[in-house]
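S.K.: Dropping the structure in here first, questions after.
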Amino acid sequence: MDIERWKSYLDFNRWNMKKGNRGRRGYRTSSIIHIAKERIEVLLNESEVMAKKKDLHYMRRYVDIAMAIGKKYNIRFPIEKKDHICKKCHAYLVYGVNSTVRVRNKKKVTHCMSCKHIFVKLIKQN
């Protein structure tokens, strides 16, 4: 990009910033957030069904789409579903099918059988 075009680009962006014309980027209404949460829930439920059927391609695809929706609209996953997703290979973990869970020394140890990754989570005492 030559210098003159670059200067005109910078001037245009400065003008837009001064006027406050930043567009609708990042604009989220409550209805959009509600729809996104519903879609994430449906996709994670479908990925659980695919994990039980041992169809790994669709299982990972549904989790990836749900994660992309969560990132786009800045939505956290439900805690009960978040514990069932492998942080390394994004597989939906169904205990006894593609993962094992053990409790050792007040820690929950989850082992993903797809990528051999191990997660350790502390168990809170009441």
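S.K.: Inside the range 90-120, can you point out the residues that are under 20 Å from Lys52 (Cα atoms) and of a type in the set (S, T, N, Q)?
M.R.: Asn98, Ser99, Thr100, Thr110, Ser114
S.K.: With the requirement that a residue be over 20 Å from Arg60 (Cβ atoms) and in contact with a Lys or Arg (Cβ under 9 Å, 6 or more places away or on another chain), what does the range 76-100 give you?
M.R.: Arg76
S.K.: Go through the range 74-118 and report how many residues are touching a Cys at 6+ places or on another chain (Cβ under 9 Å) and buried (at least 17 other Cβ atoms within 10 Å of the Cβ).
M.R.: Matching residues across the range 74-118 total 9.
S.K.: Let me ask another. Given the structure, is Asp55 surrounded by fewer than 19 Cβ atoms within 10 Å (Cβ to Cβ) and in contact (Cβ under 8 Å) with a residue 24 or more places away in the chain?
M.R.: When the stated conditions are applied, Asp55 does not pass them.
S.K.: Next question, about the same structure. With the structure loaded, tell me whether Ala66 is in contact with a Leu (Cβ under 8 Å, 6 or more places away or on another chain), surrounded by 14 or more Cβ atoms within 10 Å (Cβ to Cβ) and either without any contact (Cβ under 8 Å) to a residue 40 or more places away in the chain or of a type in the set (S, T, N, Q) (or both) or whether it fails that test.
M.R.: Criteria met by Ala66.
S.K.: Only one of these conditions is not met by Thr100: (1) closer than 18 Å to Lys121 by Cβ; (2) under 12 Å from the mean Cα position of the chain (by Cα); (3) of a type in the set (S, T, N, Q). Which number is it?
M.R.: (2)
Where a number appears in this text, it was derived from the coordinates with a stated rule and is not lab data. A quick note: this is a predicted structure, and the numbers were derived from the prediction, not measured. Backbone-built Cβ (ideal geometry, glycine too); neighbour counts: all protein chains shown.
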